[in-house]
Amino acid sequence: MMRLGWQGALMQAAWLGLLPLQMAHAEANLEARLDRLVLQGNEQPEAALAQLQALRPELERTPHTQRLAWYAQAQIEASRGSGAAKARALADRLRAQSSEAKLPALAAWADLVGAMVAETAGQIDTTGGLSERALAVLEPDCGGTGALPEACDYRSVWRALRMSERFRASTGARAQSDALLGRSLTLAERAGDDFRLIQSLGAQAVALLRQHENAAAENLMVRAQALAGEDPHALALVKMAQALMSDIKGQIEASLRARLEAVSLAEKAGAVRLAAMQRVNASDNYLKLHRPAEALIEARRALPVVLEFQDQRIERTLRLNMAMSYTAMGQIASALTEMNKGRSLGDPGKAVGRQALELRELGEAMARAGQHRQALALYHEERALSAKAHEALRASAMQELGIKYDSLRLAADLDLLQRDRMLQAEALANHQLARQAWMAVALLMALSVVLAVIMVKRVREANRRLAASHALLRAQSERDPLTDLANRRHFMAVMEQQAAAHFEGALLMVDIDHFKHVNDRHGHAAGDVVICEVARRLNEAVRTEDLVVRWGGEEFLIFAPDVPADQLELLAERVLFKICDTPATLDTGPLDITVSIGFARFPLPPHQVPLRWEQAVNLVDMALYTAKSQGRNRAIGISSVHVHEAGKLQAIESDFEQARQNGLVELQQIVGPVRSTLSTGWAV
């Protein structure tokens, strides 16, 4: 189930076609009048262009006003897919003028137009690069505090900040994204632009709630509500933010109500594009509430408007929501058609985290509909993307840690330099005193030696602390912050010590059943409690020498390097029953937990074909998926594989289910405990 993010919502709202909030200053200013036309162009591009054409005599008086007209027209054209070619042509004209007139701001305007075209086409990487290049040119003119300098083009800077923030958020760089968001909020406040300020307040409130700063988030929303007054368009923006905050809290019904109110307010204001986008997000709410028919109705209502504006980013989300609605209703052919249309749209680029979420939800919908082959293909594609997203997040975290480490090292170097200068000053004073008496010189020299020894000791201590800090940072990068288990990085470091093509040992892949239901029904905080409780029970179930790894999300991996083959089944059974026997304790009451497990000992009998550790992980992952497909709450082990060479083993990896049916793979099954009543509402 997919929805458009808050960043996308604000991008659309920022271009809406109705009059925004009453501005604090008169709109006689030409740039303010053009800004109104740009905003109108998002909903009524033809009407906005006609009004712009009527202003031509006034706009052609000077080269500057002519460039303003080109820039405004380019932004209006860029807001719809059909205007992309005209927008690019106008951007090229601005770039040529930048070279001729030696005005870098014109090239920055051209970059912003290109970023808008790319964002409408769903090309997030291109959007990020162009918007950040424009920002580097335009933002310095808005420096300082208080009132904005006359040279500051705050509207363009604000747009560039918001597009850069959306790009950074899509790559998982949350720290950089939040910093850009804060800068856009400060700029809107300094400009006294209530329309843009409401959008920034809402986005900041959502970001703060994601960081569990609930009180601060609510304060920002109160401020945004007050600024909105009775304006239906502004109130629709506030409702959008409230819906996203309800999503974060796991309050799906509240989120749906807020979105339907936003639709009503947007339609009242004549903002059909904003209303269509909120219908797309409402369809996501209906899917989460298992009401696919209503989800399909909302998506179909939004489709004509989305197609009219050719916004591929929104259309991609809409098509995928329609695919899941059709799947839930048993219309598989229609579901596959919409899924293929949706996945062909846009260019997600580095937004692999969002792609992985889309694939996971599509795969789960296909599995519920009994389309196991399609679900399996989507599952493997999702796992690959999830690994890529995890690596991107890890790289971002390491970059932030590196910045912190560099800051510490720089501070230590500055401190050492200051102490060196003090020592030099002391030596100079000693030299001057030496002219008076050689005894004083000898005494001061001795004192200098003592000071030098102390300084050397302090420098060594500082270096020791820096080395310890570096070792601690490295250790922290190999631990999962939520469960304190080892993470993939640590596991791969362990695997590097094994022979590359001769992996030996037992692996158990453990996945929490129905974990998405826990998040949807009880909230993400409850999901974190469940993950930590499962991690604790896994540690209790395994032996001291075994390694427990949080593999990602609700998945765990156990590496038992020297467990005998006849004891592996007992270990799998102990893990299964240790986790499932006792409900987890949440604030709302007890919650039953079940898991599915795939396990095997390598190399596999009877032929002991050598294999790499990556192949071993893939095989137990397939055994885990078999456990899922056979009802969950069980462990499936690979007892033997009847192949003699590595090539045939790779063929089994390509189609595990077919290999099992052909008798090439023999499995063993352990069924978990069964209870008659479960607090979660699903059968174990």
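Within the stretch 543-575, can you find the residues that are in contact (Cβ under 8 Å) with a residue 60 or more places away in the chain, farther than 16 Å from F503 by Cβ and either not assigned by TED's automatic domain parsing to the domain that holds T594 or not in a strand (DSSP E or B) (or both)? Passing the criteria: G553, E569, L571, A572, E573, V575. Looking at the stretch 225-235, can you tell me whether even one residue there is within 28 Å of G527 (Cα to Cα), touching a helix residue (DSSP H, G or I) at 6+ places or on another chain (Cβ under 9 Å), outside the structural domain of Q40 (by TED's automatic domain parsing) and without any contact (Cβ under 8 Å) to a residue 60 or more places away in the chain? Within the stretch 225-235, not a single residue is within 28 Å of G527 (Cα to Cα), touching a helix residue (DSSP H, G or I) at 6+ places or on another chain (Cβ under 9 Å), outside the structural domain of Q40 (by TED's automatic domain parsing) and without any contact (Cβ under 8 Å) to a residue 60 or more places away in the chain.
Listed here are the residues, each with its yes/no results for (1) on the phi > 0 side of the Ramachandran plot; (2) at pLDDT below 90; (3) touching a strand residue (DSSP E or B) at 6+ places or on another chain (Cβ under 7 Å); (4) in the same structural domain as F556 (by TED's automatic domain parsing).
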{"residue": "T483", "(1), (2), (3), (4)": "no, no, yes, no"}
{"residue": "H502", "(1), (2), (3), (4)": "no, yes, no, yes"}
{"residue": "M509", "(1), (2), (3), (4)": "no, no, yes, yes"}
{"residue": "I512", "(1), (2), (3), (4)": "no, no, yes, yes"}
{"residue": "K516", "(1), (2), (3), (4)": "no, no, no, yes"}
{"residue": "N519", "(1), (2), (3), (4)": "no, no, no, yes"}
{"residue": "H524", "(1), (2), (3), (4)": "no, yes, no, yes"}
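Considering the conditions (1) assigned to a strand (DSSP E or B); (2) surrounded by fewer than 23 Cβ atoms within 10 Å (Cβ to Cβ); (3) not aromatic (F, W, Y), T626 is excluded by exactly one of them, (1). Taking first residues from the stretch 130-151 that are among the aliphatic types (A, V, I, L, M) and partners that are in a loop (DSSP other than H, G, I, E, B), the Cβ contacts under 8 Å between residues at least 6 apart in sequence or on separate chains come to L138/D153.
Would you confirm, using the coordinates I've provided, whether A501 is in a strand (DSSP E or B), over 32 Å from the mean Cα position of the chain (by Cα) and touching a residue at least 12 places away in the same chain (Cβ under 8 Å)?
no
When A452, A434, A425 are screened for being surrounded by 12 or more Cβ atoms within 10 Å (Cβ to Cβ), free of Cβ contacts under 8 Å to residues at least 12 places away in the same chain, out of contact with any His (no Cβ under 7 Å at 6 or more places or on another chain) and not β-branched (V, I, T), only A434 passes.
Got at least one residue in the stretch 184-205 being among the charged types (D, E, K, R), closer than 29 Å to D125 by Cβ, modelled with pLDDT of 90 or more and surrounded by fewer than 22 Cβ atoms within 10 Å (Cβ to Cβ)? Within the stretch 184-205, none of the residues are among the charged types (D, E, K, R), closer than 29 Å to D125 by Cβ, modelled with pLDDT of 90 or more and surrounded by fewer than 22 Cβ atoms within 10 Å (Cβ to Cβ).
For T544, only one of the following conditions fails: (1) surrounded by 23 or more Cβ atoms within 10 Å (Cβ to Cβ); (2) more than 35 Å from the chain's Cα centre (by Cα). What is its number? Unmet for T544, out of (1) surrounded by 23 or more Cβ atoms within 10 Å (Cβ to Cβ); (2) more than 35 Å from the chain's Cα centre (by Cα): (1). Selection of the stretch 99-156 for residues being in contact with a Pro (Cβ under 8 Å, 6 or more places away or on another chain) and not in a helix (DSSP H, G or I) yields G122, G143.
The values are calculated or read from the model by the stated rules, or taken from the named source; none is laboratory data. This is a predicted model, so every value here is computed, not measured. Heads up, the Cβs are rebuilt from the backbone with ideal geometry, glycines too, and the neighbour counts pull from every protein chain shown.
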